[in-house]
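Chemist: Below you'll find the structure I mean.
Just so it is clear, none of the values below were taken in a lab; they were calculated from the coordinates. Computed from a predicted structure; not experimentally measured. Reconstructed Cβ throughout: ideal geometry from the backbone, glycine too, with neighbour counts over all protein chains shown.
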Amino acid sequence: MFVKPFSRRRVAAVVTFGFLLAGCAKDAPQDTFDPAGPNAREIDSLQRPVFYIAGVVGLIVLGAVAYAIWKFKDRGQDIPEQSHGNPKLEILLTILPAIILAGIAVPTVSQVFSLDKKDNDCVINVTGQQWWWEYDYVKGSTCGGVEITESIVTVSELVIPADTPVLLRITSRDVIHSFWIPRLNGKRDAVPGRLHTLRMEADEPGIYTGQCTEFCGLSHARMRQAAVALTTADFQSWVTNQTADYTSPEAGTTAAIGETTFIAQCSRCHQVDGLVDGAGNPVLAEPDRFVYSGAAPNLTNLMTRTAFAGWTFDLISDECRDRLWNESPETFGAAYLQGVWMYSAADATAPACFNETNLREWLLNAPAMKPMYTDPTKLAETGGKTRGMPALGLTQAQIDEIVAYLLERK
Amino acid sequence: MADIALHDHGAHVSSTGLSNNKLAMWLFLGSECLLFGGLISTYMLYRGRHGDGVGPAQLFDVPLTSVSSFVLLMSSLTMVLAVNSAKRKDDRNTNLWLVTTGLLGSLFVGAQVYEFTAFYNEGVGFTTSLFSSSFFTLTGFHGVHVSIGVIMLLAMVAIISRNKVAGDKAEAVEMIGLYWHFVDVVWVVIFTLVYLIPA
Amino acid sequence: MSTVTEHAEHEHIGHAEHEPHIPSDMYFIKVALILAGLTALETSTYWIDLGGFATPALIIMMTIKFFMIILIFMHLKFDNKLFSVMFYIGLGLALFVYCVALATFQFFD
Amino acid sequence: MAIIERPSVIPAAVGGAGATALATPSSSLGVFRRPVAATGWRSWVFTVDHKKIGIMYGVVSLFFFIVGGCEALLIRLQLAAPDNKVLGAGLYNEMFTMHATTMVFLFVMPMAAAFANYFLPLQVGARDVAFPRLNALSFWMFLFGGIFLNTSWFLGGAADGGWFMYSPNSSRLFSPSHGIDFWVLGLQIIGIASLVSSINLIVTVLNMRAPGMKLMNMPVFTWMVLVVQFLLLFALPVITVALFLLSFQRNFGAAFFDVDKGADPLLWQHLFWIFGHPEVYIIILPSFGIISEVLPTFARKPLFGYKFVVFSGAAIGFVGWGVWAHHMFASGLGPVSVAVFSVATMLIAIPTGVKICNWTLTLWGGKLWFTTAMMFAIGVIVLFTIGGLSGVTHAVAPADTQQTDTYHIVGHFHYVIVGGAVMGLFAGFYFWWPKVFGKLLNERLGKWNFWLMFFGVNLTFGPMHILGMQGQPRRMVVWPEKLTGEGFFNLHFWNQVATWGSFMIALGVLVFLINIIHTAKKAAPAPLDPWDARTLEWMTSSPPKAHNFDAIPTVHALDEFFHRKYEEVDTEHGARLVKVKSAEEVLAAEEARADAHIHLPSPSYWPIVLAFGLPIIAYGVIYNLLLSVVGAAIVLLGIFGWVLEPSVADDSDYDPPAGGSETKELSPVG
Ligand code: HEA
Ligand code: HEA
Ligand code: CUA
Ligand SMILES: [Cu+2]
């Protein structure tokens, strides 16, 4: 699926010669014409006929214009009669569109209400901020038979049970964002001070990508998200893993040093649940002191995700990503649950799919990868708080340690 | 429709027989409806949003505002008398009523300044809350309109006294009158919606 | 619209500036007295508790005052219809648009 | 015959008969001599002539079109490849914000104003607009506002909030540069300019029609412009409120969009779109008017269903007020509001459909002459229909939740705007160029211009419908390699096509610019009536004299000029239309009964002085309120001088009247 630019361009060139190839090749993963859940399908079932109707009306008009151009061009005929119109014809041509539109309006209205159903057992709070999404699985919800006994906080990658409706309660901590997973449902804006709901359901296990679609400032283009649907059993394991107790790295390893570095450098903003300092006191992040929106991504289970920082940069290699995205619904869950260890479960010490470069680059200088407001001279308005993650001036050694530590957050 | 005969009457002929200036003024007032409508709506939306701070119910001094509303209302009467005088070509009375109107208007603005200061002293400033921002913006806009009106009235008096009116004098007075009444009418609405109807 | 203007033209040919129907000063004073009375009534709601009745009563009085000033002080009643048309389009649009907008804040969810 | 034109050469200088009459030239503020130059830069800067003002509007907006177009080309270059690096994120955001703002407020609207200014008085048979000095004021405010807005590029960065500037992203907190301040204040100035000119033009149309020109005899262009002025009149105050709220928030700390204090960000959205939707009809209706002139002329047959077209134009104007929330289907309005606005939006397709059908039926049975103007007009029918139909697909609210904020929408509105409004304006250029400049634009270059733009538009904006449905959101500085897909609908290919297309449009525009130069240098004077036209503006010389018509024509019918040239003649084959008079003959007949004395409003310093004060006030709001005081003083000076200056200078400044008191003024004040 993900071929190198050169060959893809060639494919594109060939494809232009006809629609023939369109059937075999794969369209973009955010194709709205390829719904993968009941909500999106319902919309699709309305959208398609509307497109067809519009197409037909368009063809009729264009046909009429083309015919008139051909038929009535100046061939030296007389000046035509100076007629001023034909009221009957005009009334007809007014009523006809009205009827067509009425035909579109009725299902539209009924669908507006049918898509607005809110009843649900599985509630997830979704909070947008510059420039990432936070998900908070509401304690006490039952998602596809799996009970959420402890609140789970994850970032950008929304994991849901397949074939089960979930209700997203969407809001924002700073500006307006918009949550959109094209293949599962339409958009809903995340408006600060308001709570909007959106139902989401995927038919089958798989990964469904999306994008923040309300302009939200500098890195709007790098605020993405994905929904990952898992079978109930897989979802159960995911939940179990997310709520599992924290395990410190084995003493003496680089990762163990990384834990201290992390506490020193990162935990003022980032929370790792269960992390305790040398004295055994829980390490609690205080992002509200440093970050304008008051939150930074929770890193407890970073390595269970496939991409980070607004789901923009991969945590897994291109090759693994292609394989994962093309995994069949049956095998998808198993692969996904391994996180960056995907496809190499045999050797638990070698995360075959882990894409270190992105993460290292990020730790070295995050704003260089993703434009963010971290320039101290421009932070007067927010009282010194950043919008995004600043460059921390870490040494290569520190980065090594932190990466080793983070690799165990799985 | 306008025919040739109409043109024989000489100057100031228009297809509708109406004065350009008056038509323009009414158009402008129609447009002002949407301006004040927007400000009033903003206030209506935000009037309850003052957090723990002071809200309209605690803040407003209705008796005082009633008096100033009354003053503004009466200035409409004096304005209309000025217009009538101008139509009778009675410069003396025109000026008299214009000055009176201007004074009543100034009184109103004065009361508003007093009111704003009092509110400010009670800790309700322009930036305090949504309620206060939208209140001051709405009433401030109205106050600015009144002030502009006062300036126009006094300028008119000066121009009439020096006999420098370009064009039709009675019409010029009438135009200011239209503006003035409109500003009054806006206050009628504001007074009721903002001050009298309990938030 | 065209009929309105046409009508106007015949009525006003040549002497557009002098409407014959301008009422006397006395008439305006009477109107002002009524307005003053209404204002007094309005203000009284501040002291007399009308309960749920207050708001509609106030709105009605406001509307009456509004139109008295528009129609009489501003001569809209006596003047050419075209002026009314121009103004009422604005007024009507403002009412419609803003009421709908405010309503959407009530109806959401 | 002593036709007193606008200040021509001062008689004293010429000497001769009337020279002695020049006693005391009227002065402004008792100090300056009133401007009276008829040539040189002064004759432009102080002019109140609607035609000169129209031309200045045109030149300035054409300039801004190129500015906005170059911004668009930069956008397209950045999007030509995945993860491209032509523009940085910040600059990209400024680019599309300013592209849209420039195109909408500094190109399409003022270009429509250019046409309206120039042709409205001519089409209704007037000698100028109702308030000539206000007209000049509008132009200068627009120009200074536009310059002010664009100086932000050099003063710390332009606005970066997107053209609808949603709150709270537009707060100081989230956009600390002064860009948005410039944007707010600049639009405020431009808004006042449009408001003033809307009042001016409405009064002109209602009050200054030639004898016999009933409302239902007015050319459709005049009608559509009239509707547009009403839309402006009532829509601008709404954005004015919104802009005031925003600038009070940004500059004086008001709380309007401060969510922490309980603000509702949807307030801005409502205010913006209550203005914004009427605005899109403000953009399109002038062009509808233009092609309603062009199509009948070149089909040699009256507009089919004139009344229906006029009423549907007015209907669009009205219904356009009830649909604004279709831009907010995903904002969380709640199902009731969404359903209501969805249906209301569909309604608007009905009157628009009426127009499309009537234009097509105007072609039907005609004798079509495919000039460049005609081709652009037909291009509008085709392209606007495509854009309009995709508009209807957005109106289906559930579908719109998939489409909104994607390139599908970008495709829709560029089809209606570039394919509808801009192509319509080009039709106007080719159609009316000989009227304004007395020379015909080159038709060969014109055809190149048309085809390049026509294909360019389709190549640029057609693929965007695909891109949007493939999930490419708008306003993204980069689109990622990994979401490209590889099928027929892959993002990479179609983005490239769009970029190539945009350069094709640019080439078309370039041909147009070349055509202008070519025509100015080479072309011979155009014949008086090159298109065998139908309406009043052609019933005078090209370019028209300062006073437009020697004699105000008396109108008997729609398409007055045509009916003076053609008559039904009985032949053996039945009644036939025959040209009985040439345009020259019609004109000669009019000249023969020329008015004796025509007083035109005189040039004035004050419009430009007053307008100049406004950007200074605005700079003051941003940098130092003291500066605002200076600006306000200039404005006051302008008003003061204005009020004391009679709109028509003393006769003594010009050619003195030959005698008698019979003079015709255009306007006593204003
Ligand atoms: C010239 C400007 C112009 C015009 C004329 C229109 C015309 C229309 N627009 Fe468009 N629109 C814009 C400019 C314009 N628009 C802009 C700039 C935006 C985006 C703003 C932004 O977000 O930045 C926008 C966005 C926009 C949206 C919001 C999309 C979104 O952001 O989610 C919607 C939704 O309903 C919409 C609908 C329509 C409709 C129904 C019409 C109708 O008026 C179209 C009517 C015409 C036809 C339908 C074709 C001809 C008719 C027939 C041949 C008759 C038969 C037809 C039928 C039976 C269907 N438009
Ligand atoms: C009147 C309105 C108008 C017009 C005419 C245009 C014209 C064009 N627009 Fe614009 N556009 C908008 C209004 C308009 N647009 C709006 C409202 C937005 C939304 C912004 C937002 O999201 O906030 C937008 C957004 C927008 C985007 C989306 C940006 C994004 O979402 O990230 C794109 C991308 O392709 C684009 C492209 C173009 C192109 C290629 C043209 C072309 O048609 C331009 C063609 C013109 C030229 C190319 C100029 C000619 C130049 C020359 C001849 C060069 C020669 C000069 C010299 C040699 C000196 N526009
Ligand atoms: Cu968040 Cu765009
Ligand atoms: Cu719209």
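Chemist: Using R₀ = 45 Å, calculate the FRET efficiency as 1/(1 + (r/R₀)^6) where r is the Cβ-Cβ separation of D:Asn251 and C:Ile34; round to 0.05.
Modeler: Values: r = 44 Å, r/R0 = 0.98.
Efficiency for this residue pair is about 0.55.
Chemist: Taking chain D as the reference, fit the longest principal axis to its C-alpha atoms, fit the long axis of helix D:349-363 to the helix C-alpha atoms, and give the angle between the two in degrees, 0 to 90, nearest 10.
Modeler: That helix lies at roughly 50 degrees to the long axis.
Chemist: Hey, another quick one. Return the equivalent ellipsoid semi-axes of region D:49-263 as a descending list in whole Å, where each equals the square root of 5 times an eigenvalue of the C-alpha gyration tensor.
Modeler: Details: eigenvalues 251, 86, 38 Å².
Semi-axes (√(5λ), whole Å): 35, 21, 14.
Chemist: Mean separation of Cα pairs under 8 Å and 6+ residues apart, divided by the residue count of chain D: what relative contact order is that in percent?
Modeler: 20 percent
Chemist: Cross-link partners among aspartates and glutamates for C:Lys65, C-alpha distance below 17 Å, same-chain residues fewer than 8 apart left out?
Modeler: Candidates past the 8-residue exclusion: B:Asp184, C:Glu42.
Chemist: Taking 0.36 nm per residue of separation and subtracting the Cα-Cα distance, what length does fully extending A:Ile79 through A:Thr142 add?
Modeler: On the way: separation 63, 0.36 × 63 = 22.68 nm, distance 7.73 nm.
Gain on extension, A:Ile79 to A:Thr142, equals 14.9 nm.
Chemist: For chain D, list log₁₀ I(q)/I(0) at each q in 0.07, 0.10, 0.11 Å⁻¹, using the Debye formula over Cα point scatterers of equal strength and ignoring solvent, two decimals each.
Modeler: -0.48, -0.97, -1.16
Chemist: If I require 30 Å or longer along the helix axis, counting alpha carbons, and a Kyte-Doolittle average no lower than -1.0, what helices from chain A are left? Use full DSSP H segments. Before the final figure, lay out the partial values.
Modeler: Details: long enough: A:38-71 (49 Å, 0.78); A:87-114 (41 Å, 1.54).
Result, helices passing both filters: A:38-71, A:87-114.
Chemist: Label region C:23-104 by shape, choosing from rounded, prolate and oblate, from the square roots a ≥ b ≥ c of the eigenvalues of the Cα gyration tensor; if a/c is under 1.5 it is rounded, and otherwise prolate applies when a/b is larger than b/c, oblate when it is not. Walk me through the numbers before you get to the answer.
Modeler: Values: a/c = 4.52, a/b = 1.09, b/c = 4.15.
It comes out oblate by the Cα gyration axes.
Chemist: Using θ = phi - 60° and the Karplus curve 6.51 cos²θ - 1.76 cosθ + 1.60, what whole-Hz ³J(HN,Hα) does each residue of region B:108-115 get, with Gly and Pro shown as x?
Modeler: 4, 4, x, 4, 5, 4, 4, 4
Chemist: Now for a different question. Enumerate the amide H contacts of A:Gln225 below 5 Å, restricted to partners 5 or more residues apart or on another chain; note that Pro and chain-start residues carry no placed amide H.
Modeler: Result for A:Gln225 returns A:Gly210, A:Gln211, A:Cys212.
Chemist: Indicate, rounded to the nearest 5 percent, the antiparallel portion of the DSSP beta bridges found entirely in the protein assembly as shown.
Modeler: Of those bridges, close to 75 percent are antiparallel.
Chemist: Using 1/(1 + (r/R0)^6) with R0 = 51 angstrom and r between the beta carbons of C:Ile60 and D:Trp41, what's the FRET efficiency to the nearest 0.05? Can you show the working numbers first?
Modeler: Values: r = 61 Å, r/R0 = 1.19.
About 0.25, to the nearest 0.05.
Chemist: On to the next question. Give me, ordered by chain and number, the residues 5 or more places off A:Thr197 or on other chains with an amide H under 5 Å from its own placed amide H.
Modeler: A:Ile170
Chemist: Something else now. Using each residue's phi in region D:387-404, evaluate 6.51 cos²θ - 1.76 cosθ + 1.60 at θ = phi - 60° and report the 3J(HN,Hα) Karplus result to the nearest Hz, with x for Gly and Pro.
Modeler: Listing the rounded values in order: x, x, 5, 5, x, 5, 5, 6, 5, 6, 3, x, 5, 5, 5, 7, 8, 4 Hz.
Chemist: For the protein assembly as shown, what is the calculated [θ] at 222 nm in deg cm²/dmol (nearest 500), taking -39500 (n - 2.57) for each run of four or more DSSP H residues and dividing by its residue count? Kindly include the intermediate steps, with their values, before the conclusion.
Modeler: Details: 43 runs with 756 residues, N = 1388.
Rounded to the nearest 500, the figure is -18500 deg cm²/dmol.
Chemist: Using only Cα atoms, tell me the angle between helix D:220-252 and the longest principal axis of chain D; keep it within 0 to 90° and round to the nearest 10.
Modeler: Helix D:220-252 and the main axis of chain D meet at about 50 degrees.
Chemist: Ok, one more. Going from the alpha-carbon gyration tensor of the protein assembly as shown, what semi-axes, largest first and in whole Å, does one get by taking the root of 5 times each eigenvalue? Let's see the in-between values first.
Modeler: On the way: eigenvalues 683, 318, 156 Å².
Its equivalent ellipsoid spans semi-axes of 58, 40, 28 Å.
Chemist: On to the next question. How far, in degrees from 0 to 90, does helix B:20-46 lean away from the longest principal axis of the Cα atoms of chain B, to the nearest 10?
Modeler: 10 degrees
Chemist: Straight distance only, please: which lysines reach the Cα of A:Lys378 with their own Cα at less than 27 Å, same-chain residues fewer than 8 apart left out?
Modeler: Within the straight-line cut-off, A:Lys378 pairs with A:Lys370, D:Lys85, D:Lys261.
Chemist: Hey, rough spin-label estimate for D:Arg444 and D:Ser582, points 7 angstrom out along Cα→Cβ, what's it come to in nanometres?
Modeler: Result for the modelled spin labels: 2.7 nm.
Chemist: Do any trypsin sites (Lys or Arg not before Pro) in region D:66-150 lie in a DSSP loop with no more than 10 other beta carbon atoms within 10 Å, and if so, which?
Modeler: On the way: sites: D:Arg76, D:Lys85, D:Arg127, D:Arg133; in loops: D:Lys85, D:Arg127.
Counting only loop positions with at most 10 other Cβ atoms within 10 Å, the trypsin sites (Lys or Arg not before Pro) in region D:66-150 are D:Lys85.
Chemist: Ordered by residue, what ³J(HN,Hα) values in Hz, to whole numbers, does region D:451-466 give under the Karplus form 6.51 cos²θ - 1.76 cosθ + 1.60, where θ = phi - 60° and Gly and Pro are x?
Modeler: Working through the residues one at a time gives 5, 4, 5, 4, 5, x, 4, 5, 6, 6, 9, x, x, 5, 4, 5 Hz.
Chemist: With 20 Å as the limit, write out which pairs from D:Lys367/D:Lys579; B:Lys22/D:Lys51; A:Lys88/D:Lys307; B:Lys87/C:Lys77; A:Lys118/A:Lys187; B:Lys22/C:Lys77 have Cα-Cα distances beyond it, or answer none. It would help to have the intermediate numbers written out before the result.
Modeler: On the way: D:Lys367/D:Lys579 15 Å; B:Lys22/D:Lys51 25 Å; A:Lys88/D:Lys307 13 Å; B:Lys87/C:Lys77 18 Å; A:Lys118/A:Lys187 15 Å; B:Lys22/C:Lys77 15 Å.
Correct reply: B:Lys22/D:Lys51.
Chemist: Suppose R0 equals 35 Å; then what is the FRET efficiency for C:Ala103 and A:Asp121 from their Cβ-Cβ distance, rounded to the nearest 0.05? Write down the numbers at each step before the final one.
Modeler: Details: r = 33 Å, r/R0 = 0.94.
Result of the calculation: an efficiency of 0.60.
Chemist: Additional query: Determine the shielding of peptide B:168-177 by partner chains: average, over its residues, the number of Cβ atoms on other chains within 10 angstrom of each Cβ.
Modeler: Details: counts 3, 0, 2, 3, 3, 0, 4, 1, 0, 3.
Rounded to a whole number, the mean comes out at 2.
Chemist: Compare B:Leu104, B:Leu59, B:Leu178 in a GNM of chain B, Cα atoms joined below 10 Å, and give the one with the largest fluctuation.
Modeler: Looking only at B:Leu104, B:Leu59, B:Leu178, the largest GNM fluctuation is found for B:Leu59.
Chemist: For region D:537-592, divide the Cα radius of gyration by the Kirkwood radius and give the resulting Rg/Rh value with two decimals.
Modeler: Working: Rg = 13.3 Å, Rh = 12.5 Å.
Using Cα coordinates only, the ratio equals 1.07.
Chemist: Rg and Dmax of region B:34-196, using alpha carbons, in Å: what are they?
Modeler: Every Cα atom of region B:34-196 included, Rg and Dmax give 17.6, 58 Å.
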